[in-house]
Amino acid sequence: MNYHFASDNTAGACPEVMQAIIEANEGYKSSYGADDLTTRAADLIRDIFETDCDVYFVFNGTAANSLALATLCQSYHSVIAHEHAHIMVDECGAPEFFSNGSKILTSPGAHGLLDVNAVEQLIKSRNDMHFPKPRVLSITQLTEAGTAYNINKINDLCNIATTNHLKVHMDGARFANAIASQNISPKDMTWKAGVDVLCFGGTKNGMPIGDAVVFFDKKLSEEFAYRCKQAGQLASKMRFLAAPWVAMLQNDVWLKHARNANACAASLSKQFTQVPGCKLVHPTDGNEVFVDMPAPLAAHLRDAGWAFYDFIGGGARFVCSWKTTQQDVDAVIQSAKQYHG
C-alpha cells in the first residue's frame, strides 16, 4: 500500500505525543485523574479557550458525544442534528442508548452544514407533549462533508438555540482543522458564540487515543464524572490520556499538525480538479477531499496501492493527516493521471 487516505485515524501518533507518553511512563502517579499531567492538560485547555471550564478526558469521540448529550437530555427530549451528522449515522445509536432514548431529529443542509431556517422551522414545528421536546442543537465542526461553519453561521445557529431554550453541543472531532481553516479563535468558535459543551477531538490530529469533553457551562457538568465512570470511560491510568494533550497544546503543536493536514488537502483538492473525469463534491475547508470520479479510475487507484473511502452519499473521500506530505499528494495525483480510460 502506498498511502492510506481513507481516514486520518490510519496515521499513527505524532512524535511529540509519543515522547510525552514515554515520559509519562516514568515513576509513579496518582490514578483516576488525580495526577499532575491531567491537571496540566485541563489547565492548557482552559488557557486556549481563555475561560474557566470543566474538562474530562474519555477514550474516544463516540463516548464524548454520547455522554455529553446524555448529560444535556432526558429520555423525552430530542437532539437536532444534520441528517448526515456522525451522531446520527455513525455511532450505532450510542447517543440514544446513553440518554435512555432521547431522539435525534435530523435537519437538511447543503455540504453537511445545517440550514439556519430549517433548524428554526424544526424547533418550532411542534410544542405538544406527544412530540419529543427539542433540547439540544448539535453542530459538527468540521462537518461530515469536510466543510466548516464560519463564525456568522455559528452565531446564527446558537442564537436560534438560545432563543428557543436549547443547549448547544459541538462535535469537534476535527475541531483543530476547523480552527486552522477558519482562522477564528477557539473562544469565538465556541463559548462566546453560545456553545455549551464541546467534544474536542484529539485522535484525528495525532494522538493514539483520547478526546476531551469541555463544558463551558459548568452547571451542566455537575455529575458528569459519575456518568463517565458508569460508562467505563474513567481511565485508571489517566495520565496516558492526558499526556498527549499536554504535548499537543504546548507550543501550538495541535495547530501545526492541523495546518499541515489542511494544506495537503487543499493541494490535493486543487490537483484533483485537473484530473480528467474528476470533480469536487464539497468545498475543501479542512483536511478532507471529496471527489466524484469514474468507477474505473477509482479501481485503478486502488490497484496502484492507494486506499480511500467510498463515502455515504456519494464520492470518494481522501483524508490528509498530520503525517501526510506533499509528496504523498503528488504521488496519488500522478497515479490518477496515469489512468487512460
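Tallying residues that are open to solvent by less than 70 Å² (accessible area, probe 1.4 Å), of a type outside the set (S, T, N, Q) and assigned to a loop (DSSP other than H, G, I, E, B) within region 1-33 yields 9. Of the helices (runs of 4 or more DSSP H) that lie entirely inside region 57-156, those containing 3 or more residues that are at negative phi and in contact with an Asp or Glu (Cβ under 7 Å, 6 or more places away or on another chain) span 61-72. Scanning region 279-291 for residues that are open to solvent by 50 Å² or more (accessible area, probe 1.4 Å), part of a strand (DSSP E or B) and not basic (Lys, Arg) yields a single hit, Leu280. One residue alone among Leu241, Leu249, Leu234, Leu255 is closer than 30 Å to Ser66 by Cα, in a loop (DSSP other than H, G, I, E, B) and not charged (D, E, K, R), and that residue is Leu234. In this structure, Gly314 does satisfy being modelled with pLDDT under 95 and not in a strand (DSSP E or B).
In this structure, is Thr51 outside any helix (DSSP H, G or I), in contact with a Phe, Trp or Tyr (Cβ under 8 Å, 6 or more places away or on another chain) and closer than 19 Å to Phe215 by Cβ? The answer is yes for Thr51. Pairs linking a residue in region 220-237 that is open to solvent by less than 50 Å² (accessible area, probe 1.4 Å) to a residue that is small (Gly, Ala, Ser), with Cβ atoms under 7 Å and 6 or more positions apart or on different chains, are Ala231/Ala63; Gln233/Ala63. Scanning region 292-328 for residues that are in contact (Cβ under 8 Å) with a residue 12 or more places away in the chain, more than 22 Å from the chain's Cα centre (by Cα), open to solvent by 30 Å² or more (accessible area, probe 1.4 Å) and farther than 19 Å from Asn205 by Cα yields a count of 5.
The values are calculated or read from the model by the stated rules, or taken from the named source; none is laboratory data. A quick note: this is a predicted structure, and the numbers were derived from the prediction, not measured. Cβ: placed from backbone, ideal geometry, glycine included. Neighbour counts: every protein chain shown. For the accessible areas, the whole protein counts, side chains as well, though only heavy atoms, and no ligand, DNA or RNA atoms are used. Shrake-Rupley method; radii C 1.70, N 1.55, O 1.52, S 1.80 Å.
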